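The next block holds one structure in the form of structure tokens; read it before the comments.
Read-outs throughout are calculated quantities, based only on the coordinates presented, and are distinct from any laboratory measurement. All of these numbers come straight from a predicted model, not from anything done at the bench. Positions of Cβ are backbone-derived with ideal geometry, glycine not excepted, and every protein chain shown enters the neighbour counts.
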């Protein structure tokens, strides 16, 4: 990866962090901790807060979002290198054979 590509990646990550900060600042997470299934125990010594349902929602949203992003990036990678011969990505049998070859080389 070239220095220019690393620079662009760092700028993109910074822009994403700024967008996330603005989203939170504007109240985008006002529902966090208020879903059914979130546990709040208040007592004399203090309060215990366990946002189980909220964390499940965040986990599902992040998993779906990252999965879609990675599929998009993989598609872009394959489209940009269409002259590259990559049977590994398209043929499940070849993928299995290649992984078996790597496992044999690793264990010997």
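Quick notes on this one:
- With each label modelled as a point 7 angstrom along the Cα→C-beta vector, the residue 3-residue 72 pair spans 3.0 nm.
- Relative contact order, percent, the stretch 22-74 [alpha-carbon distance under 8 Å, six or more residues apart]: 25
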